[in-house]
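Read the figures in this text as sums done on the coordinates, not as results from a lab. Keep in mind that what you see is a predicted model, and the values were worked out from it rather than measured. With ideal geometry, Cβ positions are generated from the backbone for all residues, glycine too; neighbour counts draw on all protein chains shown.
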Amino acid sequence: MSLLTVRDLSKSFGGNRAVDGIGFQLAAGELLALIGPNGAGKSTTFNMVNGQLRPDGGSITLDGHELIGRKPREIWKLGVGRTFQIAETFASLTVVENVQMALLSADGRVFSMTRRAAAHKRSEALALLQQVGMAAQAERPCSVLAYGDVKRVELAIALANAPRLLLMDEPTAGMAPKERNELMALTRQLVQQRGLGVLFTEHSMDVVFAYADRIIVLARGRLIAEGRPAEIRENPLVQEVYFGSGKTFERKPVVTPA
């Protein structure tokens, strides 16, 4: 059964048709990669699913609930989490305080940066940090963390509202190869444990082909291919869009975390 269903989605900016009638489905427990060259419409699609942009037409449903017309916070409350290309945390707060703030927000409570909520939701926050491998750094300020660790904290924050759907925008951007694979292996583990559906955009093709269950490919706002990684790898149209020739995707080794 589909968790997320997108039908005939479209968006124009002036005379530019950024997204042109695309549609796809995402099941719970599935990692779906959304790829395409620059200007393909990936970010526009992502931002429409998240409620940051309103489509000109089409439908986006989560478990049968129409998302179009809802504000990002309403969509978040329905069970949609998100991480960003540039990780967003409060650098002056500790790791655990960042997650506590997200948990309190999910409960509709206010987190004061002047009066820190030292005990509120602390055990829940530590449990989330344990899941992403950051419990040992709970008391460190986010400002001193390595970038790969900040990404892990951001993932814990995105899980604070117990989402059914997780949107990950360029999750491995700025990360070293080993960090990329560790983060995506962790995401795969969380998908299996929680039954999440994950829609992610990614420029690193090694990450896409190693971790996606299915891939959808956009070009000039249109969906040109959809399928399993092996099918997409050998698709002549996808190869033409990316390389302008029949050249196949380079097969890169995957670094498996120890």
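Simple rule: put +1 on each Lys or Arg Cβ and -1 on each Asp or Glu Cβ in the chain, find the dipole, and look at Ile68, Leu31, Ala18; the Cα lying farthest toward the positive end is Ile68. For the listed peptides 97-106, 8-17, a ranking on the average number of other beta carbons within 10 Å per residue, highest first, reads 97-106, 8-17. Here the simple spin-label model places points 7 Å from the Cα toward Cβ, and for Glu240 and Ser105 these points are separated by 4.4 nm. How large is the Kirkwood hydrodynamic radius of the chain, counting all unique pairs of alpha carbons, in Å? In the chain this quantity evaluates to 19.0 Å. Cross-linked pairs Lys11/Lys42; Lys71/Lys121; Lys11/Lys151: Cα-Cα separations exceed 22 Å for Lys71/Lys121; Lys11/Lys151. Each of the peptides 33-46, 53-66 was scored by the mean count of other Cβ atoms within 10 Å over its residues; in descending order, highest first, they stand as 33-46, 53-66.
To check you understand DSSP bridge types, tell me what percent of the beta bridges within the chain (both residues inside) are antiparallel, rounded to 5. Of those bridges, close to 55 percent are antiparallel. Across the chain, C-alpha contacts under 8 Å between residues 6 or more apart give a mean separation that, scaled by the residue count, equals a relative contact order of 26 percent.
Helix content alone sets the calculated 222 nm mean residue ellipticity of the chain: runs of n ≥ 4 DSSP H residues at -39500 (n - 2.57) each, divided across all residues, give -9500 deg cm²/dmol.
Each label was represented as a point 7 Å from its Cα along the Cα-to-Cβ direction; for Asn38 and Lys77 these points are 4.0 nm apart.
Rounded to the nearest 20, the size of the Cβ-charge dipole of the chain about its Cα centre is 400 debye, with Lys and Arg at +1 and Asp and Glu at -1.
Highest mean packing first, where packing is the average number of other Cβ atoms within 10 Å per residue, the peptides 139-145, 210-216 line up as 210-216, 139-145.
Lys/Arg Cβ at +1, Asp/Glu Cβ at -1, dipole of the chain taken about the Cα centre: which of Leu93, Pro55, Val153 is farthest positive-ward? Of Leu93, Pro55, Val153, it is Leu93.
Multiplying the residue separation of Asp56 and Ser92 by 0.36 nm and subtracting their alpha-carbon distance yields 9.0 nm. Could you list the residues of the stretch 207-230 with an amide nitrogen less than 16 Å from a label point located 7 Å from the Cα of Ala27 in the Cα-to-C-beta direction? Backbone N within reach: 212-216, 227-229.
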